[in-house]
Amino acid sequence: MKRAKSNKQETAPSLIPLPVAVDFIRFEKNLLQIGFFGAHDTRHTSQSTRRIEQLVNRNGQKIKVSAEFRASQEFGLPSTSDRDKYIALMRIAMDEKGRRGCITNPIRFTGYRLLKELGLSYSGENYEDINRWGQRMADTTITSEQVIYLAARKRYANKTVHVFRSFSRSGQSNLDDTGKTESYEVVLEDWLLENLNQSYVVPEDFNAYRKLKRPTAKGIFGYLHLWFHASQGRQIEKDYAELCVLLNIAVYHHASKIRDTMGRSLDELVNVGYLSAWDIKPMSSKEGYKLVLLPGEELLHVLTISQRKIEGQQQEAEFALEGKNERPAAIEAMVARGISPAKADALARLHNPKTIVDQIEYAEFLISRDRRGKFENPAGFIIYTIENQVAVPASFATSRRLREQEKLNNNQYEKESETFALQVKYDEWTDERVEEAVGSRYPGPELKNKIKEIIMHRVRADERFSRMASLHQEALALQFLRRDIREELTLPAFQEWCTKKPQLDLFG
C-alpha cells in the first residue's frame, strides 16, 4: 500500500496542531452519484454530450439506470471549475438556510462573495468566469432514466431536468468604469430545491476541499464520503474504469500509467488526511484494475461529526413532537421568572422546552451564588442562558432529572430504567472526556488565561455578557470552552457508546 512519506531527518519535537474547524456544505446526492461535474480538462475538449449507465441494486433486484447530459457547443459540459463555484454557492445557500430555516428561490449573491469563498482574486477574468459558469449550469440538461431521486416524493424520476432554472447578472460602475460591482441571481429547479431542503445531501468539509488542487482529487473527494460512510470506515475497493467514467476522464490500461495520473490525485488526498493509503491491483473477476483505498483520520473525523449532526437533527425532530406537550410548561416557567409571554413563546418554539426548564434552574443556581445579593436582571440572565444554549452539567440535579429518576425507581419498565441510567453514565463519561481534554490543552494557569481570553472576547462582542458579574462570566466562559471542545472531540454517539461500553469499561 502506498503511504504518506515521513521525514526521518526531523529530530526536534513539534507541537501537535489543534484540528481545523470543519466547515460543512451540503452537496446534493444526485449530482454527486450521477457524475454531473466531470474532472475533464475543458481546455482540450468541447464535449457537449455524455451518457452514463450503471447497474444498481434496488429492492433486491439489479436494474439498469442511466443519465445523459447535453449542453451547447458554446458552453460545454460542467467540469471541476464549475464544481468549485457550485460548492461555493451551496456555502452561501446554507448560510441562508441557517437564517431562514430553508433555502428559497432566488439565491442572490455578489461576485465578490463567491470569489472570496473560493479564495480567488477579484480580477475581471474571474468575474467573467462566474458568468460563464452560471450560463453553463442553466444550459446543461439531464435526462434521467430511474436515476434522479426525488426525496419529497420518495421515487426515482424518468424526466429531463435542469439544475439552474435561470441565471442572471447585473452590475454597475462609475462613469469612468471604476468602482465596478456585480451581483448575480440563481433560480434552482424545484427538484433540486426540494432535495436540498429535505436534506438529501452529502455533508462535505469545505475547508478540506479548498486545499485540493488537482481536478481528479476534487472529483474523488465527494465520493469518499459516500463510500466510507457505507463501509463504516473500513477498506474499500473500487473499479478504476467505472470511476474514470463517472469523472469523465481517460481510462488507462497499465498500472504504471494509472499511478502516474490518478495516483498523483490519490497522493493529494493522502496529504490532506482523507486517505491513509492506496494501491492498484488487477481485478480477479474481469480485465482491468481496481483501487484499494483506506480512509484517513481527517475523513473519519468529518464522518463522525456529520453523523453526530444527523443524530442531532433526528433528536430535534423528536423534540418538536414532544414540544407540543412540554412547551406550555416551559412558557409558564419563563413567565413566572419575569420574561414576557411573547418572548417566552418565541424561546419555547426555537429551543427544546425540556432543556429550557433545566437551563432556568441552572441559571437560578448561578444567580444564587452571587454573594453581593444584588443581581439586577435575573430574567435577562435566564434569556441569555437559553439563547446561547449554555450546557447544563451532567452533575447538576435538575428537578426534571429527579422526577424521571423517581418514575423509573417506581417499578418502571426495566429497559427504560437501564436506558436512562446509561444516558446518565454516557453524559458523565463525555463530561470526563471533555474535562480530560480541557486539562490536557490548558494545564495549570493556562486554563485561567484561556477563560480570561474568552471573557475578553465576549465582553467586546456581547453587551449583555459585559454587564454580568465576574463570577457568572467565568462560569459561562468555562461552559462555552467545554462546549467547543466537546464538538471538536471525536466521541462516539450514545448508541455507539452503548455497544462499545464493555470494551470502554476495560480501560476505565
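What ³J(HN,Hα) values, in whole Hz, does the Karplus curve 6.51 cos²θ - 1.76 cosθ + 1.60 give for segment 98-109 when θ = phi - 60°, with x put for Gly and Pro?
x, 7, 9, x, 7, 8, 10, 7, x, 9, 10, 7
What chymotrypsin sites (Phe, Trp or Tyr not before Pro) does segment 89-137 have in DSSP loop regions with at most 16 other beta carbons within 10 Å? Mind dumping the intermediate values first?
On the way: sites: Phe109, Tyr112, Tyr122, Tyr127, Trp133; in loops: Tyr122.
Answer by residue number: Tyr122.
Toward the positive end of the charge dipole of segment 20-206, about the Cα centre and with charges on Cβ (Lys, Arg +1; Asp, Glu -1), which of Phe27, Gln54, Val161 goes farthest?
Projecting each Cα onto the dipole axis, the largest value belongs to Gln54.
Could you give each residue of segment 243-260 its phi-based ³J(HN,Hα) in whole Hz, using Karplus coefficients 6.51, -1.76, 1.60 with θ = phi - 60°, and x for Gly or Pro?
5, 4, 5, 4, 7, 6, 10, 5, 9, 9, 10, 10, 4, 5, 6, 4, 5, 6
Taking square-rooted eigenvalues a ≥ b ≥ c of the alpha carbon gyration tensor, is segment 325-506 rounded, prolate or oblate, where a/c under 1.5 means rounded and, failing that, a/b exceeding b/c means prolate?
oblate
Which value, in debye to the nearest 20, gives the size of the charge dipole of segment 325-506 about its Cα centre, when Lys and Arg are +1 and Asp and Glu are -1 at the Cβ?
On the way: 29 positive and 30 negative charges, 121 e Å.
The calculated dipole for segment 325-506 is roughly 580 debye.
Quick one: work out Rg over Rh on the C-alpha atoms of segment 20-206, Rh as Kirkwood radius. Don't jump to the answer; show the numbers that get you there.
On the way: Rg = 17.4 Å, Rh = 17.7 Å.
Dividing the radius of gyration by the Kirkwood radius yields 0.99.
To make sure I understand the rule: partners must be aspartates and glutamates, Cα under 17 Å from the Cα of Lys286, and not fewer than 8 residues away in the same chain. Which ones qualify?
Counting by Cα, and skipping residues close in sequence, Lys286 has these aspartates and glutamates nearby: Glu237, Asp239, Glu242.
Under 17 Å from the Cα of Lys343, which aspartates and glutamates turn up, not counting those fewer than eight places away in the same chain?
Within the straight-line limit of under 17 Å, Lys343 reaches these aspartates and glutamates: Glu326, Glu332, Glu387.
With respect to the cross-link table entries Lys425/Lys448; Lys29/Lys85; Lys238/Lys281; Lys116/Lys450; Lys29/Lys211; Lys29/Lys218, which display a Cα-Cα separation exceeding 20 Å? Mind dumping the intermediate values first?
Working: Lys425/Lys448 28 Å; Lys29/Lys85 17 Å; Lys238/Lys281 10 Å; Lys116/Lys450 31 Å; Lys29/Lys211 22 Å; Lys29/Lys218 16 Å.
Distance filter (> 20 Å) returns Lys425/Lys448; Lys116/Lys450; Lys29/Lys211.
FYI, it's all coordinate maths here, none of it is from the lab. Since we're looking at a predicted model, the values are computed, not measured. Note that each Cβ is placed from the backbone with ideal geometry, even for glycine, and that neighbours are counted across all protein chains shown.
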